[in-house]
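Quick note: the coordinates plus some simple rules give every number you see, no bench work behind them. These numbers were taken from a predicted model, which means no experiment stands behind them. Methodologically, a virtual Cβ is constructed for each residue, glycine included, from the backbone with ideal geometry; neighbour enumeration extends over all protein chains shown.
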Amino acid sequence: MNAFARRAEPNSIAAVIAGARAILGDRLSVNESVRLQHGKGEDSTTPTLPDAVAFVQTTAEVSRLLALCHHHAVPVTPFGAGTSLEGHVNPVRGGISLDLSRMTAILEVNAEDMDCQIEPGVTRQQLNDHLRDQGMFFPVDPGSVCTIGGMCATRASGTNAVRYGTIRENVLGLEVVLADGRVIETGGRVRKAANGYDLTRLFIGSEGTLGVITKIRLRLHGIPEAMSAAVCQFPDLAGAVNTTIATMQSGIPVARIELLDADQMRACMAYSKLEGYRAAPTLFLEFHGTHAAVREQAEAVEAIAADFGGEGFAWATEAEARNRLWKARHDAYWAALALVPGWRGITTDICVPISKLAEAILGAKGDAEARGHTTCIVGHVGDGNFHQVILYDPKVEGALERAWEMDRLIVARGLALGGTCSGEHGVGLGKREFLEHEHGVEALAVMRGIKTQFDPKGILNPGKMFRN
Ligand SMILES: Cc1cc2nc3c(=O)[nH]c(=O)nc-3n(C[C@H](O)[C@H](O)[C@H](O)COP(=O)(O)OP(=O)(O)OC[C@H]3O[C@@H](n4cnc5c(N)ncnc54)[C@H](O)[C@@H]3O)c2cc1C
């Protein structure tokens with residue numbers, strides 16, 4: 001069945017809207033512009049409007065709403081900050097968009113155990129501001145201002161994942177409201193447990209299709225004694241990629257190693273007013289540890305980079321200079337979109353084994369150039385993950401379809417190299433077509449079985465993850 005095909009009966013929708021209004025009052029909105037804001041994420045999909053948007057504030061409200069929607073078989077699409085990139089939040093079958101962005105309490109911080117519990121609408125920026133005085137930080141840092149609930153639901157990561165892991169490695173436990181309104185807790189506060197099926201990991205990356213996350217227990221990390229950022233530029237893309245591969249294979253514990261190709265660097269220099277660099281393939285690096293360890297790691301990478309033609313290994317230890325650099329890196333997507341005024345972009349997200357990284361990146365850039373596409377590559381290359389923003393002119397008929405064809409070619413190359421269609425952005429609508437190839441028919445059937453077990457009426461974010 002087409003993802004957009006099945007909608008709830010009009011009288012069921014009316015009953016849910018009346019019931020939800022009784023629970024939420026004016027936090028239940030049927031306003032056209034509010035529904036439009038919840039019609040899509042930061043992607044190139046066409047918005048599909050929910051029938052109403054529910055701004056929830058407590059687990060009890062989520063539970064009552066889900067029980068109501070379950071009773072009337074009305075779809076519910078959880079919504080965090082709406083920054084996802086694959087059509088995740090489009091309510092393709094209408095119903096309720098469940099906005100969790102007002103659940104922003106930091107419930108507990110246990111400094112001695114280095115963990116905390118938060119509500120799903122908290123952003124990493126809010127959490128880190130709260131933690132700073134206590135000498136701890138939460139490391140998972142997507143380049144967007146998104147909710148940590150959304151990060152759990154998409155199995156997100158960021159520039160620090162190479163050292164501190166993705167959200168998967170940093171969540172200890174969850175509170176989840178199931179499709180019929182039951183509330184369960186998964187995991188706990190301990191760092192390890194061998195005590196049954198790992199439900200926490202099942203909900204991480206489930207994209208709102210199995211349950212609604214209402215509390216999150218996170219692992220925290222100590223702010224390192226010393227941090228140093230470095231920028232190194234290369235005469236060609238191969239030099240930058242091969243430096244990454246050799247660094248990872250040497251076991252140097254870099255905290256961040258991010259690639260920007262020449263087009264992305266040009267875009268970032270213009271957008272973020274970065275001075276003193278060339279529009280050339282570039283690595284942004286960061287090292288964490290003691291002062292001695294940081295110096296040792298940086299010198300080791302500098303020597304590797306020199307072997308591949310790297311020059312200008314400029315260090316920055318002051319927080320202000322480092323923050324400017326990483327702000328520019330986090331703004332890379334907006335910088336790419338600003339490269340050609342009026343154009344838009346779609347972004348790939350493949351991840352390959354590190355030994356195949358050069359083949360994947362050089363192949364992807366070569367294919368794009370051969371087809372006349374303007375693309376910017378930016379990547380969490382220490383993990384073998386990169387994004388290629390494929391720019392297109394929305395005024396030209398067929399340009400978006402050509403960009404999607406390019407996207408498919410890049411994914412096909414990644415899969416052929418033993419990689420995945422998504423390292424961190426997730427499946428949503430955009431990557432559903434690759435799942436069977438990646439997982440096989442039987443594994444996909446098991447996933448469908450899990451979905452049916454958790455959500456027998458198919459009300460939770462329907463149309464996502466699976467093609468039909
Ligand atoms: C400029 C830019 C840079 C980005 N950089 C990165 C990056 O470096 N790394 C990365 O991983 N991603 C990145 N992203 C993608 C995006 O920010 C992440 O996928 C993020 O985790 C989405 O969070 P959100 O709060 O916006 O979720 P939304 O977009 O609102 O929702 C995403 C999915 O999660 C579900 N969901 C949301 N909240 C809940 C909940 N509480 N319970 C159950 N399901 C829920 C939704 O139904 C949907 O399926 C970037 C996006 C942009 C625009």
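Tabulated results
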read-out: With at most 13 other Cβ atoms within 10 Å, longest stretch of the chain clear of loop GluC sites (Glu not before Pro) (DSSP); value: 113-224
read-out: Chain lengthening between residue 395 and residue 445 when straightened (0.36 nm per residue, less Cα-Cα); value: 13.9 nm
read-out: Cα-based Rg / Dmax (Å) for segment 226-416; value: 16.5, 57
read-out: Nonlocal amide H pairs with residue 173, under 5 Å, H built at 1.01 Å; value: 188, 217
read-out: Full-extension gain in nm, residue 415 to residue 436, via 0.36 nm per residue minus C-alpha separation; value: 6.4 nm
read-out: Distant-in-sequence amide H partners of residue 457 (H built 1.01 Å from N, under 5 Å); value: none
read-out: Rough spin-label spacing in nm, given labels placed 7 Å along Cα→Cβ, for residue 18 and residue 105; value: 3.2
read-out: Equivalent ellipsoid semi-axes - Cα gyration tensor, the chain, angstrom; value: 37, 26, 20
read-out: Förster radius 30 Å - calculated FRET efficiency between residue 307 and residue 359, Cβ distance, rounded to 0.05; value: 0.95
read-out: Relative contact order of the chain, defined on C-alpha pairs under 8 angstrom at six or more residues apart (%); value: 16
read-out: Using a Förster distance of 60 Å, the FRET efficiency for residue 324-residue 11 (Cβ separation, nearest 0.05); value: 0.60
read-out: Under Karplus coefficients 6.51, -1.76 and 1.60, residue-wise ³J(HN,Hα) of segment 92-97 in Hz, glycine/proline x; value: 5, 10, x, x, 9, 8
read-out: Segment 353-468 shape via C-alpha gyration tensor axes, a/c threshold 1.5; value: oblate
read-out: Count, lysine Cα pairs under 20 Å in the chain, 8 or more residues apart or across chains; value: 8
read-out: ³J(HN,Hα) computed for each position of segment 16-29 - Karplus, 6.51 cos²θ - 1.76 cosθ + 1.60, integer Hz, glycine/proline x; value: 5, 5, 5, x, 5, 5, 5, 7, 9, x, 7, 7, 9, 10
read-out: Overall form of segment 1-103 per C-alpha gyration tensor (a/c, 1.5; a/b vs b/c); value: oblate
read-out: Dipole of segment 259-404, positive end: most advanced residue of 323, 337, 313 [Cβ charges, Cα centre]; value: 337
read-out: Per-residue Cβ neighbour rank within 10 angstrom, fewest leading, 12, 355, 33; value: 33, 355, 12
read-out: Segment 146-156 - phi-based ³J(HN,Hα) in whole Hz, Karplus 6.51/-1.76/1.60, Gly and Pro as x; value: 10, 8, 6, x, x, 5, 4, 5, 9, 6, 6
read-out: Around residue 73: net Lys/Arg minus Asp/Glu count, Cβ-Cβ under 12 Å; value: +1
read-out: Ordering of 323-332, 458-467, 191-200, 211-220 by packing [mean C-beta count within 10 Å, highest first]; value: 211-220, 458-467, 323-332, 191-200
read-out: Reciprocal mean inverse distance between Cα atoms of segment 196-304 - Kirkwood radius, Å; value: 16.8
read-out: Separation of the residue 250 and residue 27 label points, Cα + 7 Å toward Cβ, nm; value: 5.3
read-out: Formal net charge of residues neighbouring residue 293 (Cβ-Cβ distance under 14 Å; K, R +1; D, E -1); value: -2
read-out: All-pairs alpha carbon distance profile, segment 275-332, 10 Å steps from 0, percent; value: 18, 52, 29, 1
read-out: Total charge dipole magnitude, the chain, about the Cα centre, Cβ charges on Lys, Arg, Asp, Glu only, Debye to nearest 20; value: 1140
read-out: Gyration tensor (alpha-carbon) shape descriptor, segment 340-384, a/c threshold 1.5; value: oblate
read-out: Difference of contour (0.36 nm per residue) and Cα-Cα distance, residue 198 to residue 60; value: 47.2 nm
